[in-house]
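Single-structure report; data block below.
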Amino acid sequence: MTQGAYKTLAQWLDGRIASLRELEEQAREVIEQQGDQAGYERLMREKALLLADLEEQGRDILKEAGGPEADKLRQRLAAFSAGASMALEVGSVFFMSALLYPEDHQPGQPNDLERFAEFAHQLAGSR
């Protein structure tokens, strides 16, 4: 995989992260300010659906990639998608809300997808 492909992946991940942040912010506002449980659940499902599609969407970027780094990237995308698919399958809004956040996550720390994107940026030499 060339640095250009890593850069494409990193930029694509940055876009997904921005979408997820927006969904999470909307969900927080909906539940905290409006007390709208149904709206919160809808937004958490949107979050999980976006994550469930990461593997498939990232496949095109990684299709010609080879080597151990590319394999690690594919595996990590698959793990994000699998976790989100499981949350959707069991229908757990709590599980959906916790996607990307390790048990010991502290506010202000990057989530797992942000860390993954940082790794891609490092491979691309863009950070």
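The values are calculated or read from the model by the stated rules, or taken from the named source; none is laboratory data. Worth saying up front: this structure is predicted, and the values here are computed from it rather than measured. Virtual Cβ from ideal backbone geometry, glycine too; neighbours counted across all protein chains shown. With ligands, DNA and RNA removed, areas are computed over all heavy atoms of the protein, side chains included. Shrake-Rupley method; radii C 1.70, N 1.55, O 1.52, S 1.80 Å.
Quick rundown of the values:
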| item | result |
| --- | --- |
| Residue match in the range 32-51 (condition: within 20 Å of Glu118 (Cα to Cα), in contact with a Ser or Thr (Cβ under 7 Å, 6 or more places away or on another chain), modelled with pLDDT of 95 or more and assigned to a helix (DSSP H, G or I)) | yes |
| Inter-residue pairs, beta-carbon under 6 Å, first without any contact (Cβ under 8 Å) to a residue 40 or more places away in the chain and in the range 21-33, second open to solvent by less than 80 Å² (accessible area, probe 1.4 Å) and acidic (Asp, Glu), 6+ apart | Leu23/Glu46; Val30/Asp36 |
| Some residue of the range 3-17 being in a helix (DSSP H, G or I), modelled with pLDDT under 95 and surrounded by fewer than 13 Cβ atoms within 10 Å (Cβ to Cβ) | yes |
| Test set (1) buried (at least 18 other Cβ atoms within 10 Å of the Cβ); (2) within 27 Å of Ala5 (Cα to Cα); (3) modelled with pLDDT of 95 or more - Pro110 fails condition number | (1) |
| Residue check for Ala124: at pLDDT below 95, within 17 Å of Gln11 (Cα to Cα), open to solvent by less than 60 Å² (accessible area, probe 1.4 Å) and out of contact with any Ser or Thr (no Cβ under 7 Å at 6 or more places or on another chain) | yes |
| Any chance Leu51 is under 14 Å from the mean Cα position of the chain (by Cα), open to solvent by less than 40 Å² (accessible area, probe 1.4 Å) and closer than 17 Å to Leu13 by Cα | yes |
| Identity of the residue in the range 64-103, touching a residue at least 24 places away in the same chain (Cβ under 8 Å) and among the polar types (S, T, N, Q), that ends up surrounded by the fewest Cβ atoms within 10 Å (Cβ to Cβ) | Ser85 |
| Residue list for the range 72-91, filter: of a type in the set (D, E, K, R) and touching a helix residue (DSSP H, G or I) at 6+ places or on another chain (Cβ under 9 Å) | Lys72, Arg74, Arg76 |
